[in-house]
Structure formats: C-alpha cells, structure tokens
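Peer 1: First, the structure itself, so that you have it in front of you.
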Amino acid sequence: MPQEPAERRVVVTGPPRRARRTSGYYRPRTEIDEQTTLGHTYVRSLMRIQLRTGLTVFAVLALLIGPLPLVFAAAPDARRLVWAVLGFGLYPPLVLLARWYVRRAERNERDFVRLVEDR
C-alpha cells in the first residue's frame, strides 16, 4: 500500500498588527486629513516651497530669454545667428532648467512626506 504524502503546512506572514494608540499619539497625516489649522500650515508650507521653486525657474528663464530681442535688434543682419541661438543655443539651458525644476519639486515633496510620516 502506497503511503500518502504528508500534508504541507503553509505559513502566511504579514506585517505585525498593532493596536493604534489614540491618546498622546501625534500624527501630522491626521492633521492634514482632518484639515485642522496645523494641517493647513503643513500644506501651505509645501505650496510655498513649490511656488518659490517655480518663481526661481521663471526668473532664470526671464533672465535667459528676456534680453534676446535686444541682442537680435543690435545685429539686424545676422539672421543665421538668430536661428542658431533660438534653435540650438536655448535648448540645452531649457532642458537643464526643466530637469532642475522637476528634481527640486520631487525633493520638496519627498521632504514633506518624510516630515508627515516620520513623527
């Protein structure tokens, strides 16, 4: 008579379940979800940092592109120069500026999440 194989036990593991502490436990995420004054301050600080980053990019962009019409007006016979500057000279700084902006915005959001989650 053949022996039947022994039943295999499967152990399912997961994250430990802990009871939530309600008294004396500080959660900034709760403050944000409940839209308290403190939560509003957290979100407003993130918005302010993101606005500052955007305004910085705009200022650099204005300083980069703003004087170009004056430069082009000073040299009216240099059509090739105009197209070369517009076509090839502006593209790399714009790409670098865009990459810097995206990295900075993501870093601001990571810092905000770390602030909200760590406490």
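The values are calculated or read from the model by the stated rules, or taken from the named source; none is laboratory data. What you see is a predicted model, and the numbers here were worked out from it, not measured in a lab. Positions of Cβ are backbone-derived with ideal geometry, glycine not excepted, and every protein chain shown enters the neighbour counts. Only protein heavy atoms, including side chains, enter the accessible area calculation; ligands, DNA and RNA are left aside. Shrake-Rupley method; radii C 1.70, N 1.55, O 1.52, S 1.80 Å.
Peer 1: Can you report the number of residues in segment 76-93 which are open to solvent by less than 100 Å² (accessible area, probe 1.4 Å), under 24 Å from the mean Cα position of the chain (by Cα) and free of Cβ contacts under 8 Å to residues at least 24 places away in the same chain? Before you say what the answer is, go through the steps one by one.
Peer 2: Start the filter on segment 76-93 by keeping residues that are open to solvent by less than 100 Å² (accessible area, probe 1.4 Å), which leaves 76, 78, 81-82, 84-87, 89-90, 92-93.
Still in the list and also under 24 Å from the mean Cα position of the chain (by Cα): 92-93.
If we keep only those that are free of Cβ contacts under 8 Å to residues at least 24 places away in the same chain too, we end up with 92.
Number satisfying all stated conditions: 1.
Peer 1: Over 19 Å from the mean Cα position of the chain (by Cα), hydrophobic (A, V, I, L, M, F, W, C) and surrounded by 10 or more Cβ atoms within 10 Å (Cβ to Cβ), is that true of Phe58?
Peer 2: no
Peer 1: Identify, please: which residue in segment 44-85 is in a helix (DSSP H, G or I) and among the charged types (D, E, K, R) and is, among those, nearest to Val102 (Cα to Cα)?
Peer 2: Arg52
Peer 1: Looking only at segment 29-45, decide whether some residue is open to solvent by 100 Å² or more (accessible area, probe 1.4 Å), aliphatic (A, V, I, L, M) and modelled with pLDDT of 80 or more.
Peer 2: Within segment 29-45, the subset open to solvent by 100 Å² or more (accessible area, probe 1.4 Å) is 29, 33-35, 37, 40, 44.
Narrowing further to those that are aliphatic (A, V, I, L, M): none.
No, there is no match, as no residue in segment 29-45 is open to solvent by 100 Å² or more (accessible area, probe 1.4 Å), aliphatic (A, V, I, L, M) and modelled with pLDDT of 80 or more.
Peer 1: Moving on. Restricting to segment 37-74, name every residue that is aromatic (Phe, Trp, Tyr) and closer than 21 Å to Arg107 by Cα.
Peer 2: Within segment 37-74, Tyr42, Phe58 qualify.
Peer 1: Can you confirm whether Gly54 is among the small types (Gly, Ala, Ser), in contact with a helix residue (DSSP H, G or I) (Cβ under 8 Å, 6 or more places away or on another chain), at pLDDT 90 or above and under 30 Å from Val116 (Cα atoms)?
Peer 2: Here the answer is yes, as Gly54 does meet what is asked.
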